[in-house]
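Let me begin by presenting the structure, written as structure tokens, before commenting on it.
The values are calculated or read from the model by the stated rules, or taken from the named source; none is laboratory data. This one's a predicted model, so the numbers in the text were calculated from it and none came from an experiment. Here the Cβ positions follow ideal geometry from the backbone for every residue, glycine too, while neighbour counts run over all protein chains shown. The area values use the complete protein model at the heavy-atom level, side chains included, leaving out ligands, DNA and RNA. Shrake-Rupley method; radii C 1.70, N 1.55, O 1.52, S 1.80 Å.
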Amino acid sequence: MKFLHLADLHLGRSLNEISLIPDQKYLLDQILELSAQEKPDAVLIAGDVYDRAVPSEEAVALLDGFLSELAAMRLPVLLISGNHDSDERLNFGSRLLKESGIYICGKYDGTLHQVSLTDGYGPVHFWLLPYITRAQVQHFWPDEDTRTYESAVRTVLRHAEIDFTERNVLLAHQFVTPGKAGSGDPILAGSETAAQNVGTIDRISSDVFDHFDYVALGHIHRPQKVGRESIRYGGSPLRYSLSEVGQDKAYTLVEMANKGSHPAVTLIPVKPLHEMRLLKGHFEELMKPENIEYPDDYVFVTLTDRTPVPDAFAAIQAHYPNACGLRYELPESSKAARSEKGISPEGDSVPTFSDQIRAFYRQILGEEPTDEEMKILESAAREAGVGD
């Protein structure tokens, strides 16, 4: 049994007001080509299909076209909701779509739904666990322990009729940590808006899933194993934040043989429409024609100029139309000076404006203001009525 494990598509997402719809369509077309080449038995999508509960028209049309193409290939699709999705909206039409081999479980209704596919070794049972909250589980099982997310998931699994003598695959979209709860967290990619500050109550230890032959997870944007090779986050196919520059993205292809054997996992590198890059240096140096590279990529620029450059971002966009952000970084000598206290005058006398501005310069820039700078600042202070 061969299947493609995808997650966290976040269709409709933008990057600093730049729509990523063209990039996402490029990736979905790439997945269709990959499916035609590898001929998997199923495509798994482990949640966060959309970026928001009320997706844009473009995002809905994008998913519609993607699923239609997979259905035309007679390739089963197993899809669950994530915390970014509206479970009701994603669930719409799911019963009709089953006839086309599109199995959507957007909402937990008290039952852990499953889809069985067969290969030469027999059946493989795919269990669909959409993103759940403790309150949802408590609604269906009020007498069960649902004090934590882990206990809620254990309750759901305990009430499912799973024959673990056969091969079982679970799709889930939760915050799963390696081993026992509290033993460590998965590596975040930087763009998981709902996973940055989760407490221990949200964590689910990977040993909850010990009896499954493979667990296809969504929620964390960096592809990685959790505890063991066969419990994995698929990761997002695109980089969605500056912190993900340089991080590898991949599609996860899984092959299962007979019961008891270890699934073979292959990570296939993603080829994005636009790369994401970080440029750093002095403005004039970065803007030299010989230094302009990859003008179509998404770039974040860090300027090391001591003073702000007028209209810098507009100038950067003239060379890099997909520029996403600009910030300034002080030289190392100035950084070290940030921790120093400003020098206050001796005794109990009130510090003058000049004293304060000089102390500010030393604290922030690590140096004294020039005479010309002091004249300008003192003149502005007098006009504002706060000078010496």
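Cα-based radius of gyration for the stretch 129-174, normalised by 2.2 N^0.38 Å, reads 1.18. Under 13 Å of direct C-alpha separation, and excluding same-chain neighbours fewer than eight residues apart, Lys249 reaches these aspartates and glutamates: Asp8, Glu275.
In the chain, Cα pairs under 8 Å separated by at least six residues give a relative contact order of 13 percent. Among the listed pairs Lys25/Lys107; Lys25/Lys288; Lys2/Lys107, a Cα-Cα separation exceeding 32 Å is found for Lys25/Lys288.
Share of pairwise Cα-Cα distances greater than 27 Å in the stretch 16-168 is 30 percent (whole percent). Its Cα gyration tensor gives the chain an equivalent ellipsoid. The semi-axes, each the square root of 5 times an eigenvalue, are 51, 26, 18 Å from largest down. Between Val265 and Lys98, full extension at 0.36 nm per residue minus the direct alpha carbon distance yields a gain of 57.4 nm. Taken over the stretch 1-91, the ratio of Cα radius of gyration to 2.2 N^0.38 Å equals 1.05. Nearest 10 degrees is fine. How inclined is helix 57-72 to the longest principal axis of the chain, computing both from alpha carbons? Result, in degrees: 30.
With R₀ set to 41 Å, the beta-carbon distance separating Lys288 from Ala250 gives a calculated FRET efficiency near 0.70.
Taking all protein chains together and rolling a 1.4 Å probe, His211 ends up with roughly 130 Å² accessible. Among the protein heavy atoms, those of Tyr121 account for about 140 Å² of accessible surface (1.4 Å probe, every chain in place).
Accessible area per residue for the chain in Å², computed with a 1.4 Å probe and the full protein assembly in place, what is it? On a per-residue basis, the chain sits at 50 Å². For helix 149-158, what angle does its Cα long axis make with the longest principal axis of the chain, in degrees from 0 to 90 and rounded to 10? Taking the Cα atoms of the chain, the angle to 149-158 is about 10 degrees. The aspartates and glutamates whose alpha-carbon is closer than 15 Å to the alpha-carbon of Lys225, local same-chain residues fewer than 8 away aside, are Asp185, Asp207, Asp210, Asp213, Asp248.
In degrees, nearest 10, range 0 to 90: what is the angle between the Cα axis of helix 353-364 and the longest Cα principal axis of the chain? Between helix and principal axis, roughly 40 degrees. With a 1.4 Å probe rolled over the protein heavy atoms of all chains, the accessible area of Phe212, Phe164 falls in the order Phe164, Phe212, largest first.
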